[in-house]
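The values are calculated or read from the model by the stated rules, or taken from the named source; none is laboratory data. As the structure is a computational prediction, the values presented were derived from the model and not from experiment. Note that we place each Cβ from the backbone using ideal geometry, even for glycine, and neighbour counts take in every protein chain shown. In case anyone asks, the SASA skips ligands and DNA or RNA and just uses the protein heavy atoms, side chains included. Shrake-Rupley method; radii C 1.70, N 1.55, O 1.52, S 1.80 Å.
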Amino acid sequence: MKKILNYINGELVGPKSGQYLDNYNPSIGKVYSLIPNSDADDVQRAQEAAQAAFPEWSVTPKDERSRILMKLADLIDANLDMLAKAESVDNGKPVSLAKSVDIPRAASNFRFYATAVVQYSTHAHEMEDTAINYTLRQPIGVAGCISPWNLPLYLFSWKIAPALASGNCVVAKPSEVTPMTAYLLSKLCIEAGLPNGVLNIVHGLGPKVGQAITEHPDIPMISFTGGTVTGKHIASIAAPMFKKLSLELGGKNPNIIFADCDFDKMLSTTIRSSFANQGQICLCGSRIFIERPIYEKFKTAFVEKVSRMKVGNPADDTTKMGAIVSQSHMEKVLSYVDLAKDEGGTVLTGGNQALVDGECAEGWFIHPTIIEGLSFDCRTNQEEIFGPVVTIMPFDTEEEVLMMANSTKYGLASTVWTENLKKAHRMARNLHAGIVWINCWLLRDLRTPFGGAKQSGVGREGGFEALEFFTEPKNVCIKY
Ligand code: NAP
């Protein structure tokens, strides 16, 4: 059985304990590789390697850091097919999605920060003829980066790239559920000539490896993407240690459809924003609010198209919906469908496990599911399901839909469909969310601030904001 290895001090090594965990292919429901069951000893080794590499990496000229990260991006591009296949097998997502979104975006993340760091400049504040202040932004040391399973290499690289570009060294933990592409990335780092110890990847369980990174006294910053409950736990450890903390957490995003929208564009994008990656994207719009005059038209067209979506083998290019990432996650998602029924909802399509023929017969699939008839404040409409399940609800006024849209504890993203520019601006101003998409979804300019309000997160990633997170500002005041 293929063994994944940790990447510590430039070498691919097993865990000190010699113990491994099973790694499943969710589309066939079987173990296909083994992953290090690392612990605090492995994190310690990784931290020491990163600490030792820091003095040299932090003063390596930006151009040289940029060159290495560009090379890494080129290697990701050159290995697109191999990485996309690996991501699809590990996560269950359609290979076509991994090939068009996940892997190209991982290369873009490295390329973006390789160029951003050489463009970045700091501020100067002049006090007329008294003095001048200028701000230095210096790398901090060893960064801890912890990422989830839904967009494995995409989100892993979104943290690592700015951390490394700005001169820090990194101890990183990908999700134990989807470790493969981070392992393949470590091989590409060796090929790209990344100096030993600059990036260290420790595989294993969140409560062991993630916990050890969070608790480590010499890892002064933690960049975390994952669930709100885990984020709260991490904050409870990191905050009293005065660590810098970036938290990208869960969402329960509204998709608000006004009667004056471009119906066809809205419909095709709404299918994507509901079910892309089996609904396992933190930005998916899982609560769909439709202005009453077009509610029935929307419902009929949406149900008709969604019920024809092909759920199947992720390796097949015609598959629209692949497997759910794990058996336990599939069971959790289906338990929410039961909850929705208990709460008075009607399942219009889907609602059950999908059985796929052939080699995927034992895989974990769910039919895309649409539910109506629920109140905006029931648990199904307030809690994150993170699967291919959406609810539809009619509304009558802007005030009413804003109240319902803003009613959850989350505030990550929102989508608004209208051809009325004034209304679009009003909605954008009044939605409690870090991101508002008007007449589009998941359109990303990497320079923009990315993150959530309320319990969807603390801080922003993206653009220069990430370079600022991974550096310490220092004001220097010189008297004339
Ligand atoms: P998760 O269970 O919170 O796990 C995220 C990461 O944290 C994983 O690497 C996990 O390791 C690790 N972890 C678990 N317990 C830990 C602990 N005690 N200390 C330190 N690390 C720990 O989230 P997930 O189920 O992987 O991902 C789904 C969630 O992520 C959803 O809520 C989704 O909305 C959110 N998400 C947010 C964004 C965003 O940008 N806001 C993007 C994507 C996903 P193991 O996997 O090994 O347990």
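Can you list which of the trypsin sites (Lys or Arg not before Pro) found in segment 437-472 are DSSP loop residues with at most 15 other C-beta atoms within 10 Å?
Loop-located and lightly packed - Arg444, Arg447.
Treating cross-link reach as a plain straight distance, find the aspartates and glutamates whose alpha-carbon is under 16 Å from the alpha-carbon of Lys243, omitting any fewer than eight places away in the same chain.
By straight Cα distance, Lys243 reaches Glu215, Asp218, Glu468, Glu472.
From the square roots a ≥ b ≥ c of the eigenvalues of the alpha-carbon gyration tensor of segment 345-480, which class results: rounded (a/c under 1.5), prolate (a/b over b/c), or oblate?
The shape class here is oblate.
On the accessible surface of the chain, probed at 1.4 Å, how many percent belong to carbon and sulfur atoms?
Carbon with sulfur: 53 percent of the solvent-accessible area.
Rounded, prolate or oblate for the chain? Axes are the square roots of the Cα gyration tensor eigenvalues, ordered a ≥ b ≥ c, and the cut-off for rounded is a/c under 1.5.
Taking the square roots of the gyration eigenvalues as a ≥ b ≥ c, the chain is oblate.
Calculate, for segment 31-141, the solvent-accessible area per residue in square angstrom, rolling a 1.4 angstrom probe over the heavy atoms of the protein chains.
On a per-residue basis, 45 Å².
Using the Karplus curve 6.51 cos²θ - 1.76 cosθ + 1.60 with θ = phi - 60°, what ³J(HN,Hα) values do you get for each residue of segment 55-60, in whole Hz, with x for Gly and Pro?
Running phi through 6.51 cos²θ - 1.76 cosθ + 1.60 with θ = phi - 60° gives x, 7, 5, 5, 10, 4 Hz.
Under 16 Å from a label point 7 Å along Cα→Cβ of Ser307: give me every residue in segment 329-349 with its amide N that close.
Hits in segment 329-349 for Ser307 at 16 Å: 346-349.
Test of the criteria: in segment 391-480, which GluC sites (Glu not before Pro) are in a DSSP loop and have at most 14 other Cβ atoms within 10 angstrom of their Cβ?
Counting only loop positions with at most 14 other Cβ atoms within 10 Å, the GluC sites (Glu not before Pro) in segment 391-480 are Glu419.
Using 18 Å as the cut-off for backbone N distance, which residues of segment 72-112 belong to the label zone defined by a point 7 Å from the Cα of Arg447 along Cα→Cβ?
108-112
When ligands, DNA and RNA are left out and all protein chains stay put, how many square angstrom of accessible area per residue does segment 261-402 have with a 1.4 Å probe?
Normalised by residue count, the accessible surface of segment 261-402 is 41 Å².
Report the Stokes-Einstein translational diffusion coefficient (µm² s⁻¹, integer) for segment 253-453, Rh taken as the Kirkwood radius over Cα pairs, at 25 °C with viscosity 0.890 mPa s.
143
Distance from the Cα centre of segment 120-169 to that of segment 426-441, in angstrom?
Distance between centres, Cα-based: 27 Å.
Show that you can apply the helix-only estimate: for the chain, add -39,500 (n - 2.57) for every DSSP H stretch of four or more residues, divide by all residues, and state [θ] at 222 nm to the nearest 500.
Taking each H run of at least 4 residues, the total per residue is -11500 deg cm²/dmol.
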